[in-house]
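Heads up: the structure comes next, in structure tokens.
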Amino acid sequence: MPDLRTVHSSDAPAAIGPYSQAIVAGGVVYTAGQIALDPRTGELSGGDVATQTARVFDSLSAVLAAAGASLATVVKTTVFLADMAEFGAMNEVYARYFGDHKPARSTVQAAALPRGARVEIDCIALIGQAG
């Protein structure tokens with residue numbers, strides 16, 4: 001059985017299903033997809049995709065920190081959008097959070113996202129690496 005470690009941060013929303021916020025395996029953290037849930041209330045926060053994207057990155061940052069990683073060590077993201085027409089607004093916020101760091105990324109339009117969210121993002125990051 002591989003050495004797997006479950007990651008939990010109270011600064012990110014609790015899982016809304018039978019999954020973990022993230023799993024660490026072999027020095028790599030794999031996050032679950034994050035939507036813009038308020039970690040305290042569990043309710044969707046922000047109506048527009050830009051506000052939701054910022055909330056998602058705050059949650060991803062908290063989960064990564066709990067795993068010993070950060071946005072600076074992300075190697076891959078997957079972005080799910082409810083409407084590809086909102087790509088520009090999401091991308092502007094995305095770029096602010098990553099700065100000069102440009103991890104590989106896939107972006108797809110989903111027919112629907114949990115709780116009526118506009119955006120969901122997951123990532124893969126290295127643990128204990130300099131940013």
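A few points about this structure:
- Residues satisfying the stated conditions in region 1-22, i.e. surrounded by fewer than 17 Cβ atoms within 10 Å (Cβ to Cβ) and touching a helix residue (DSSP H, G or I) at 6+ places or on another chain (Cβ under 9 Å): R5, H8, S10, D11, I16, G17
- Taken residue by residue, region 87-96 has at least one member that is out of contact with any Gly (no Cβ under 8 Å at 6 or more places or on another chain) and under 12 Å from C123 (Cβ atoms).
- Qualifying residue in region 74-85 (condition: open to solvent by 20 Å² or more (accessible area, probe 1.4 Å), on the phi < 0 side of the Ramachandran plot, of a type in the set (S, T, N, Q) and not in a strand (DSSP E or B)): no
- Selection within region 35-70 - of a type in the set (S, T, Y), open to solvent by 10 Å² or more (accessible area, probe 1.4 Å) and free of Cβ contacts under 8 Å to residues at least 60 places away in the same chain: T41, S45, T51, S61
- Meets criteria (open to solvent by 40 Å² or more (accessible area, probe 1.4 Å), of a type outside the set (A, V, I, L, M) and under 18 Å from P13 (Cβ atoms)) for R96: no
- Selection count where residues are closer than 23 Å to G46 by Cα, open to solvent by 40 Å² or more (accessible area, probe 1.4 Å) and part of a loop (DSSP other than H, G, I, E, B), scope region 100-131: 3
- Filter result for Y19 (among the aromatic types (F, W, Y) and not in a strand (DSSP E or B)): yes
- Within region 45-60, the residues that satisfy the criterion of being modelled with pLDDT of 95 or more and either out of contact with any Ser or Thr (no Cβ under 7 Å at 6 or more places or on another chain) or part of a strand (DSSP E or B) (or both) are D48, V49, A50, T51, Q52, T53, A54, V56, F57, D58, S59.
The values are calculated or read from the model by the stated rules, or taken from the named source; none is laboratory data. Since we're looking at a predicted model, the values are computed, not measured. FYI the Cβ positions are ideal-geometry reconstructions off the backbone, even for glycines, and counts take in every protein chain you see. Note: areas computed on protein heavy atoms with side chains; ligands, DNA, RNA excluded. Shrake-Rupley method; radii C 1.70, N 1.55, O 1.52, S 1.80 Å.
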